[in-house]
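Below is one structure, written out as structure tokens, with a few remarks after it.
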Amino acid sequence: MSKKSRKKSSKTPSGSLTAKKKPGKTRATTQTRSAKTQPAPAGKSTETGAKPTSHKAASKRLKSSEKATKPHATVAGAKSALAEGQKAPAFRLPRDGGNTVTLSDYADQKLVLFFYPRADTPGCTREAIDFTRLKDAFTSAGTAVLGISADPLRAQEKFRDKHSLSIPLISDEQHEMLEAYGAWGEKSMYGKSFLGIIRTTVLIGRDGKVARVWRNVRVDGHADEVLAAARSL
């Protein structure tokens, strides 16, 4: 074989290798294009699918926040339990010192009943001290004053002695009087609802009827306001 024929034959395999490489580039280009086009629809569907989910989560949060406000509506329902002009509910309960107190004990007198959540807590202490401070003024206005909570007698007596209270303190552990006067209901604190005493004051006239009702009392200046109402009655 001549040198020219050997050169031609050696180019042929190299040419065939070059021909084989071209289809490879074509397949790679096709795969690259398909790879670019496929994720785009997937990305869009993910985004559109995420939006309804976020709206559902938001609606759930709104519903849960609406439920959290329901205890306030329950408290409002408790406010209508006792109306002004209504005959005061009778009661018979133990007081500090071991005696028993009834509504009939105060016949032909004006009577103030202040219901407080718990003995010896800051707000309740200030309120009881204020009514004690004005006791003589209430007496001059022909008005007796009683404090009521669900604390046991021992707690009431300890409360009395610690702060030198002269107002009789009634123990209503079964909540009978508290419920009758609308001072027991559902409350909320820190997002949790519970049953408890709603700070309430009731002024009863000589006729035995409810003259005034104060709900969700703010302690500062409250005893003076009640005294003014008793004097005008």
For the structure I just gave you, tell me whether G196 is in contact (Cβ under 8 Å) with a residue 60 or more places away in the chain, in the same structural domain as P89 (by TED's automatic domain parsing) and surrounded by 22 or more Cβ atoms within 10 Å (Cβ to Cβ).
no
Of A137, A128, A119, the only residue that is at pLDDT 95 or above and in a loop (DSSP other than H, G, I, E, B) is A119
Quick one: how many residues across region 151-206 are assigned to a strand (DSSP E or B) and of a type in the set (F, W, Y)?
2
So, of the residues in region 105-130 that are among the hydroxyl-bearing types (S, T, Y) and either over 33 Å from the mean Cα position of the chain (by Cα) or more than 19 Å from V213 (Cα to Cα) (or both), which turns out to be surrounded by the fewest Cβ atoms within 10 Å (Cβ to Cβ)?
T121
Residue list for region 223-233, restricted to those being touching a strand residue (DSSP E or B) at 6+ places or on another chain (Cβ under 7 Å) and buried (at least 17 other Cβ atoms within 10 Å of the Cβ)
V226, A229, A230
Any residue at all in region 122-145 that's free of Cβ contacts under 8 Å to residues at least 12 places away in the same chain and more than 17 Å from E225 (Cα to Cα)?
yes
Is region 131-144 home to any residue that is among the basic types (K, R), exposed (fewer than 15 other Cβ atoms within 10 Å of the Cβ) and in the same structural domain as R212 (by TED's automatic domain parsing)?
yes
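The values are calculated or read from the model by the stated rules, or taken from the named source; none is laboratory data. Remember, predicted model here, so these are calculated numbers, not experimental data. In this analysis, Cβ positions are derived from the backbone assuming ideal geometry, glycine residues included, and neighbour counts consider all displayed protein chains.
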